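The values are calculated or read from the model by the stated rules, or taken from the named source; none is laboratory data. These figures come from a predicted structure and were not determined experimentally. Cβ: placed from backbone, ideal geometry, glycine included. Neighbour counts: every protein chain shown. Heavy atoms of the whole protein, side chains included, go into the accessibility calculation; ligands, DNA and RNA do not. Shrake-Rupley method; radii C 1.70, N 1.55, O 1.52, S 1.80 Å.
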Amino acid sequence: MFDCHVHCSHSVDSPTLIDDMVNVAISKGMKYIAFTDHLDRDYLYGISINKNIKQLDLPFHITDTLRAKQKYAGQIEIACGVECGYSKMAEEDYLQMLNGCNLDIILNSVHSVNGLDCYHSEYFDGKDKRVAYEKYLIAVMDSINAKYDYDVITHLGYVCRKAPFDDRDMNYCEFADIIDSILKEIISRGVSLELNSHNRGTNTPFLPYLSIVQRYIELGGSEFTFGSDAHRISRVNDKFDVVKDFLIDNGQKHINIYRKRQKIKIDLTKLS
C-alpha cells in the first residue's frame, strides 16, 4: 500500500488538507504516501492558461509536509515531493527552485503542449487525434531530456483524459515509433515509469495504456511507481491492487518508492 503521487491543498486544484489525506491513508493501512504537489511553472509561459494561477509556495509545502511527517511518525511514512509540469521555457525555473531542496521524490509531467494545457478543449481545436497525440508525445520526449533532475515520468497518456474523440485510446501500435523512443529513453535514464490510476475518461484501468506498459516490459523496463494522482480523500491509493496484480501477472516483482531521492524497491509478492 504505497502511493507516490498525491496532492493536498498545497496545490491550487486540491481542496483537501494534508492531515485529512494522511488520516484516510492510515485508515486504509497504507505504509507510505508522497505529497507531490504541483510546481507548475509551465503555466507561467502558457497561452490559454491563466498566468495568474496560484503557484506552489514551495518553502511552506516542504515545512508543512515535514510537520505532518513528524506528527504521524510510526503510523505511516510521509514523503515530500513535487510534480514539475514540463515546458522548455520553465526549465531554468525548475533548476533554480529545486536546487538544494530537501525533497524525497520529484515527478516530471507534461500537462501543456506549446503553451496549451491538453486537459482543456482549446488544445484540440483544429487537430485530429493523430496530430493532437503526436504533439503531446513529442513534448513527453522533450520532458525526458529536461535539464533538471527528476525521478519519475508520470501519467503518460494524460492527453487522453479529456480528448474529444470517439476513440480516445492511445494504443502502442498507433504510435509505435515515438513511444519506443520514449520508453527506451526512460529505461536508459533509470527513472521510473508511473502507473497512474486517475483513468477518468479513458478506456484503461490506469495510464499508460496497457499495451504501452507491456511494450516497456518487452524492452527491458522494470522500474515502476504507483500513483493515484488523488486530489481528494476518495481516491487515495485508488486501484493499487489492480496495478499490483497487473505487474505480478506480467512478471514484475517490485515497485519503487523514493526516500531522500533514493529509489527503494518494494517486493510486490510479499504484499497482502
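Filtered by the rule that a residue be free of Cβ contacts under 8 Å to residues at least 40 places away in the same chain, open to solvent by 70 Å² or more (accessible area, probe 1.4 Å) and part of a strand (DSSP E or B), region 255-272 gives Gln262, Lys265. May I ask you to list the residues in region 145-160 that are crowded, with 24+ Cβ neighbours inside 10 Å and either part of a strand (DSSP E or B) or among the hydrophobic types (A, V, I, L, M, F, W, C) (or both)? Within region 145-160, Val152, Ile153, Leu156, Val159, Cys160 meet the criteria. Scanning for something more than 28 Å from Asp20 (Cα to Cα), of a type in the set (Asp, Glu) and more than 17 Å from the chain's Cα centre (by Cα), does region 220-236 turn up at least one residue? Within region 220-236, not a single residue is more than 28 Å from Asp20 (Cα to Cα), of a type in the set (Asp, Glu) and more than 17 Å from the chain's Cα centre (by Cα). Residues in region 163-201 that are small (Gly, Ala, Ser) and either out of contact with any Phe, Trp or Tyr (no Cβ under 7 Å at 6 or more places or on another chain) or part of a helix (DSSP H, G or I) (or both) were compared, and the one that is most open to solvent (accessible area, probe 1.4 Å) is Ser188.
Which residues, taken from region 89-107, are under 18 Å from the mean Cα position of the chain (by Cα) and either surrounded by fewer than 23 Cβ atoms within 10 Å (Cβ to Cβ) or not in a strand (DSSP E or B) (or both)? Within region 89-107, Ala90, Glu91, Tyr94, Leu98, Leu103, Asp104, Ile106 qualify. Scanning region 99-109 for residues that are of a type outside the set (Asp, Glu) and at pLDDT 95 or above yields Leu103, Ile105, Ile106, Leu107, Asn108, Ser109. For Cys80, the conditions (1) touching a Gly at 6+ places or on another chain (Cβ under 9 Å); (2) in a strand (DSSP E or B) all hold with the exception of (1). Of all residues in region 109-142, those satisfying the criterion of being surrounded by fewer than 20 Cβ atoms within 10 Å (Cβ to Cβ) and of a type in the set (S, T, N, Q) are Asn114, Ser121.
Restricted to region 59-70, and to residues there that are under 16 Å from Ile26 (Cα atoms) and touching a residue at least 24 places away in the same chain (Cβ under 8 Å), the residue that is surrounded by the fewest Cβ atoms within 10 Å (Cβ to Cβ) is Ala68. Residues of region 48-76 that are under 19 Å from the mean Cα position of the chain (by Cα) and either under 28 Å from Tyr123 (Cα atoms) or of a type in the set (Asp, Glu) (or both): Gln55, Leu56. Determine whether region 219-232 contains at least one residue that is touching a His at 6+ places or on another chain (Cβ under 9 Å) and β-branched (Val, Ile, Thr). Yes, region 219-232 contains a residue that is touching a His at 6+ places or on another chain (Cβ under 9 Å) and β-branched (Val, Ile, Thr). Could you please give the count of residues in region 32-58 that are at pLDDT 95 or above and assigned to a loop (DSSP other than H, G, I, E, B)? Result for region 32-58: 0.
Using the structure shown, decide if Ile212 is open to solvent by less than 30 Å² (accessible area, probe 1.4 Å), hydrophobic (A, V, I, L, M, F, W, C) and in contact with a strand residue (DSSP E or B) (Cβ under 8 Å, 6 or more places away or on another chain). Against the criterion (open to solvent by less than 30 Å² (accessible area, probe 1.4 Å), hydrophobic (A, V, I, L, M, F, W, C) and in contact with a strand residue (DSSP E or B) (Cβ under 8 Å, 6 or more places away or on another chain)), Ile212 does not qualify. Residue selection: His10 satisfies the criterion of being in contact with a helix residue (DSSP H, G or I) (Cβ under 7 Å, 6 or more places away or on another chain) and not charged (D, E, K, R). Which residues, taken from region 223-253, are surrounded by 15 or more Cβ atoms within 10 Å (Cβ to Cβ), without any contact (Cβ under 8 Å) to a residue 60 or more places away in the chain and under 24 Å from Gly190 (Cβ atoms)? The answer is Glu223, Phe224, Val243, Lys244, Phe246, Leu247, Gln252.
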